[in-house]
Amino acid sequence: MVNATATDSAGNTSEFSQCRTATGVAQPALKQGDVNCDNSVNAVDALLVLRFGAGLGVNQNEPCPDIGTVLTLAGVFGDVDCTGVANSVDALKILRHGAGLSVQQNEPPPCPDINQSLP
């Protein structure tokens, strides 16, 4: 529960507001290959993975996990072929997916298909 007060320019404080229940920010539904969390796996995602691999800055939608973040059950965020690192090969696989071409995933363990929801 939270409440608030307001303070004017003279430093006078209002009475406390009513208590309200605070809720957290909803986490996005994560999909394999959707590294900017816009609910679409496309060339923009591939470009972001390439920039990450080159050590360049990457802008992602909030509250999207950073590329390279280790997710508890889903491995490394942005690593679409489940090799343990997000790199140019992942970007190529995202581009192939976007073009409607087949994408070879590494096994074992089974690697989620691109655009599949992550746990």
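The values are calculated or read from the model by the stated rules, or taken from the named source; none is laboratory data. Quantities reported herein were computed from a predicted structural model and do not represent experimental measurements. Note that we place each Cβ from the backbone using ideal geometry, even for glycine, and neighbour counts take in every protein chain shown.
Of the conditions (1) surrounded by 15 or more Cβ atoms within 10 Å (Cβ to Cβ); (2) modelled with pLDDT under 90, Val49 clears all except one; give me its number.
That leaves (2) as the condition not met.
Can Cys37 be described as of a type outside the set (Gly, Ala, Ser) and modelled with pLDDT under 90?
no
Checking Ala22 against (1) modelled with pLDDT under 70; (2) touching a Ser or Thr at 6+ places or on another chain (Cβ under 6 Å); (3) not β-branched (Val, Ile, Thr), only one condition comes out false. Which one?
The number of the failed condition is (2).
Counting only residues that are within 13 Å of the chain's Cα centre (by Cα) and in contact (Cβ under 8 Å) with a residue 40 or more places away in the chain, how many does the stretch 38-62 have?
The total comes to 3.
Got a number for residues in the stretch 49-86 being assigned to a loop (DSSP other than H, G, I, E, B) and more than 18 Å from Asn39 (Cα to Cα)?
14
Of the residues Asn42, Asn12, Asn59, Asn87, which is modelled with pLDDT of 85 or more and exposed (fewer than 10 other Cβ atoms within 10 Å of the Cβ)?
Residue meeting the stated conditions: Asn59.
Being more than 14 Å from Leu47 (Cβ to Cβ), among the aliphatic types (A, V, I, L, M) and outside any loop (DSSP other than H, G, I, E, B): is that true of Val89 here?
yes
What number of residues in the stretch 62-84 are closer than 16 Å to Ile114 by Cα and either in contact with a His (Cβ under 9 Å, 6 or more places away or on another chain) or surrounded by 15 or more Cβ atoms within 10 Å (Cβ to Cβ) (or both)?
Counting residues in the stretch 62-84 that are closer than 16 Å to Ile114 by Cα and either in contact with a His (Cβ under 9 Å, 6 or more places away or on another chain) or surrounded by 15 or more Cβ atoms within 10 Å (Cβ to Cβ) (or both) gives 10.
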